[in-house]
2 protein chains.
Amino acid sequence: MTPLTSLELKYDQVKVPILVGPGALGAAAPELETWWRERILFLLTSERILYLLAEQIRDLAQAAAAVIPLVVPDGEAAKTVPVCHQVWEDMLRRGGKRDSRLLALGGGTIGDLGGFVAGSFLRGIEFVQLPTTLLAQVDASVGGKTGVDLEGGKNSVGLFYHPQRVVADTRFLESLPRAEVRCGLMEVVKMATLLDPPLLDDIEKNIPALLDGDLEVLSPVIARAVAAKVKVVTEDPKEKGPRRLLNYGHTFAHALEAVERYEGLRHGDGVGYGMLFALRLASRRGLDPALGRRLVELIRGFELPPLPATSPEALWQAMTRDKKATEKGLVWVLPRHLGEGRMTADVSREEVLQELETFLASPYD
Amino acid sequence: MTPLTSLELKYDQVKVPILVGPGALGAAAPELETWWRERILFLLTSERILYLLAEQIRDLAQAAAAVIPLVVPDGEAAKTVPVCHQVWEDMLRRGGKRDSRLLALGGGTIGDLGGFVAGSFLRGIEFVQLPTTLLAQVDASVGGKTGVDLEGGKNSVGLFYHPQRVVADTRFLESLPRAEVRCGLMEVVKMATLLDPPLLDDIEKNIPALLDGDLEVLSPVIARAVAAKVKVVTEDPKEKGPRRLLNYGHTFAHALEAVERYEGLRHGDGVGYGMLFALRLASRRGLDPALGRRLVELIRGFELPPLPATSPEALWQAMTRDKKATEKGLVWVLPRHLGEGRMTADVSREEVLQELETFLASPYD
C-alpha cells in the first residue's frame with residue numbers, strides 16, 4: 001500500500017493543505033466534514049463524474065445542510081463565460097450564501113472553472129479541489145490559477161484564488177483513459193525537466209508502467225511532481241519570476257489549442273509538442289545536443305497522437321494573442337541544462353515561422 | 001478655490017492614493033501619464049460620458065500607445081455578466097495584455113464593472129478609478145468592492161480588487177443632475193451618522209447648498225466622507241467587522257432594487273428609505289427618540305421621490321437572497337447612538353413584515 005503524502009502550500013495569508021495518494025479522500029473526510037457541516041455544499045462536476053462518484057460524495061457529505069450538484073459539460077466546453085453565468089445564477093437561486101461551500105470534483109477544466117466561480121460568487125466563497133484526472137492532480141489543482149476561456153485565448157478570464165484544501169485521491173485515476181494519463185504525464189515531464197532531474201530519471205525508467213496507470217508507480221511520481229509545483233509556487237505565487245518556468249511547452253500548446261478551437265489535440269499532448277518545439281529553439285541557443293536528444297526521445301516514448309494539420313502563420317497569430325505575451329512581445333521558456341530553464345524574448349517572428357515550417361512536418365527531428 | 005485633499009488607503013500590500021477636489025484630474029496628470037505610458041489604455045465608459053469627456057481624456061493620454069474606448073450602457077444595465085463577456089472579448093481582440101491599463105470613467109456602475117473586468121482579465125490588470133458622480137466619488141470608487149448583478153441579486157458576482165489610484169475630480173459634478181447629487185448625499189449621510197457626527201452637523205446646516213451641487217460646500221464634505229470610508233476600510237478590508245456598518249440602509253435598499261429589477265428608485269434614494277426603515281427597527285430597540293426624530297427629519301430634508309408600490313412579502317423574499325445574508329439569517333445595521341452602529345440578527349421575519357406594512361404606507365412616521 002502506497003502511503004499518503006501530505007504537503008502544504010504556504011505564503012502570505014495563503015495556506016493550502018494538500019493530500020496525495022490512494023485513499024486520500026477517505027483520509028481527508030474528517031476535515032471535509034467540519035468544513036461543510038450545516039452549510040450548503042455545491043458540487044461542481046460533470047454528468048459523467050456525477051454518475052461515477054455522486055454516491056460516494058453524498059455518503060461523505062451527510063453533515064452538509066444540502067448537497068446541490070452543479071452539472072457542467074465535460075472538457076473545455078465547461079470553461080466559458082456563459083457557463084459561469086448559468087452556474088452563478090443557479091447558486092444564487094438555490095440559496096447560495098457567503099458561507100456556502102463549493103467542491104470542484106473533476107478534471108482540470110472543472111477545477112479552473114470552479115475556482116473562478118467560487119472566487120467571484122458574492123466576492124468569494126470557500127472551495128476545495130478534488131481533482132479526478134492526473135493532469136488536475138499534478139498541476140491544475142495546485143497554485144491558485146483559475147479561469148475560463150475567451151474566443152481568442154485560453155484562460156483569458158480568471159483569478160489567482162486558492163482552494164481551502166486539495167485532495168488528490170489517486171484511486172480516482174483507476175478509471176482514467178490512457179490518453180488522459182499520458183496528458184497528465186506530459187505536465188510531470190515538464191516539471192521534472194526544469195525542477196527535479198532525479199524525478200525525470202525515474203519517469204524515464206518507468207514509461208510503460210506509468211502509461212498503464214499502475215498506481216504503485218504513478219502515485220509517488222504524482223506526489224513528487226506536486227511537491228515540485230508547491231515549491232515553485234511558494235517562491236513566486238503571482239508568476240512574476242521562476243513560476244513562469246512552468247510555462248515550458250505552453251506557448252506552443254496554447255496557440256495550437258486556440259487554432260484548433262480547443263477541439264483538436266488534448267492540452268497535455270499539446271504541451272508534449274510544445275516542449276519538442278522549445279527544445280528546437282533551445283538547441284539553436286547552445287543546449288547540449290545529447291541532452292536535447294535525450295529529452296526528445298523521452299517524449300517520443302509517450303507515443304503522442306499525430307499533430308493536427310495547421311499553418312505556421314495561424315500558430316503565430318494565436319501565440320501573439322496568448323495572455324502571457326506582454327505588450328513588449330512573446331516570452332519563451334527554454335531548457336538550459338537539466339533542472340534549469342530560462343525565459344527569453346529574443347526569438348524573432350521570422351525564426352519562429354521558419355522553425356514551425358520544419359517542425360510541423362517532422363516534430364521529432 | 002477649494003484645495004485638493006490627498007488621502008491614502010493602505011493595508012497589507014494594498015496602497016491606493018486618493019485625490020479629491022476640484023481639478024484633481026489635472027493635478028494627478030503626471031502620475032497617470034507615467035502609469036499608461038506606452039501601454040494600451042482601455043477607457044471603460046458610457047456613450048454619454050465619452051461624449052462629454054473623451055477629448056479631455058485623449059489630450060491627457062497622449063503618452064499611451066493607444067486609447068481604446070469600451071462603451072457600455074448607462075446605469076445598472078452595464079452591470080451584467082454578458083456585458084463583462086463582451087468587454088473581455090473586446091479587450092482581447094484589441095490586443096489587451098497583462099501590462100495593459102484600464103481607466104473606469106463614470107459613475108458607480110462603471111466603477112463596479114470596471115474593477116471586476118480589470119480584476120479578472122488575464123487574472124488581473126491594473127486599473128484606475130475616475131469617478132464622475134457624487135455616489136461614486138464618496139463611496140463606490142473607494143474600498144475595492146467590484147462586481148456585477150445577477151437576476152436574483154445586486155453585486156452577486158465580483159471581487160475585492162483595488163484600483164492603483166482614485167482620482168475624484170469634483171468639477172465633474174458640475175453637470176450632475178440634482179437627483180444624482182441627492183443619491184450621493186444619502187451615502188454621505190449614512191457614513192456621517194455612524195462614523196463622523198461632526199460631518200452630520202455640517203450636512204444638516206447645508207442641505208440646500210449641497211443639493212444645489214455648490215462645489216465650495218460639497219467638495220469638503222466629499223473629502224471628509226472619503227476619509228471616513230478610508231478609515232473603516234483600513235480597519236476591516238474584507239468586511240468582516242466594522243466595515244459592515246456601511247451596510248446601514250442597504251438591506252432594505254438592495255431588496256427594493258431587486259424587486260424593482262433595478263429600474264425603480266435610484267440606489268441612493270433606496271438607501272435613504274433603507275435608513276428610515278432601520279431607524280424604525282432601532283427605535284424599537286432603545287434608540288433615543290429625539291435622535292431618531294432628528295435623523296428622520298434630516299433625511300426628509302433631501303426630498304426623496306416617493307416609494308414605489310411594493311409588498312412586504314416581495315421585499316422579504318429579496319432580503320433573504322441578499323448576498324450579505326448568511327446561512328444563519330439576515331443581519332441588520334442599526335444606529336445605537338450618533339457615531340455608533342451595531343449589527344443584529346435578532347429581527348424576526350414577523351417583525352420585519354409587520355414593520356414593512358406600516359412603513360410602506362408612511363415611511364417618515
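Points worth noting:
- The residues of segment B:99-124 that are of a type in the set (Phe, Trp, Tyr) and touching a residue at least 40 places away in the same chain (Cβ under 8 Å) amount to a single one, B:PHE116.
- Residues of segment A:122-133 include at least one that is basic (Lys, Arg), surrounded by fewer than 24 Cβ atoms within 10 Å (Cβ to Cβ) and within 14 Å of chain B (Cβ to nearest Cβ).
- The requirement of being surrounded by 15 or more Cβ atoms within 10 Å (Cβ to Cβ), assigned to a loop (DSSP other than H, G, I, E, B) and of a type in the set (Val, Ile, Thr) is fulfilled nowhere in segment B:285-307; no residue meets it.
- Of all residues in segment A:1-41, exactly one satisfies the criterion of being under 22 Å from the mean Cα position of the chain (by Cα) and under 14 Å from A:ALA104 (Cα atoms), namely A:LEU25.
- Subset of segment B:151-193 that is within 14 Å of chain A (Cβ to nearest Cβ), in contact (Cβ under 8 Å) with a residue 60 or more places away in the chain and touching a Phe, Trp or Tyr at 6+ places or on another chain (Cβ under 8 Å) - its residue that is nearest to B:ARG266 (Cα to Cα): B:LYS154
- Looking across segment A:98-111, the residues that are within 14 Å of another protein chain (Cβ to nearest Cβ) and buried (at least 18 other Cβ atoms within 10 Å of the Cβ) come down to A:SER100, A:ARG101, A:LEU102.
- Within segment A:1-39, the set of residues being over 16 Å from A:PRO131 (Cα atoms), assigned to a loop (DSSP other than H, G, I, E, B) and among the hydrophobic types (A, V, I, L, M, F, W, C) comprises A:MET1 only.
- Restricting attention to segment A:40-97 and to residues that are within 14 Å of chain B (Cβ to nearest Cβ), assigned to a helix (DSSP H, G or I) and open to solvent by 40 Å² or more (accessible area, probe 1.4 Å), the residue that is modelled with the lowest pLDDT turns out to be A:ARG93.
- So A:VAL148, is it within 13 Å of chain B (Cβ to nearest Cβ), closer than 19 Å to A:HIS250 by Cβ, in contact with a Cys (Cβ under 9 Å, 6 or more places away or on another chain) and not in a loop (DSSP other than H, G, I, E, B): yes
- Test: residue in segment B:233-254 that is closer than 21 Å to B:PRO305 by Cα and of a type in the set (A, V, I, L, M, F, W, C): yes
- A single member of A:VAL117, A:VAL166 is under 22 Å from A:MET186 (Cβ atoms) and either surrounded by 24 or more Cβ atoms within 10 Å (Cβ to Cβ) or of a type in the set (Phe, Trp, Tyr) (or both), and it is A:VAL166.
- Cβ pairs under 6 Å, 6+ apart, first in segment A:254-281 and without any contact (Cβ under 8 Å) to a residue 24 or more places away in the chain, second open to solvent by less than 10 Å² (accessible area, probe 1.4 Å) and assigned to a helix (DSSP H, G or I): A:GLY270/A:ALA253; A:GLY270/A:LEU256
The values are calculated or read from the model by the stated rules, or taken from the named source; none is laboratory data. Source: prediction; values computed, not measured. Because the Cβ atoms are built from the backbone with ideal geometry, glycine has one as well, and the counts that use them run over all protein chains shown. Each accessible area value is taken on the protein alone, full model and side chains, heavy atoms only, with ligands, DNA and RNA left out. Shrake-Rupley method; radii C 1.70, N 1.55, O 1.52, S 1.80 Å.
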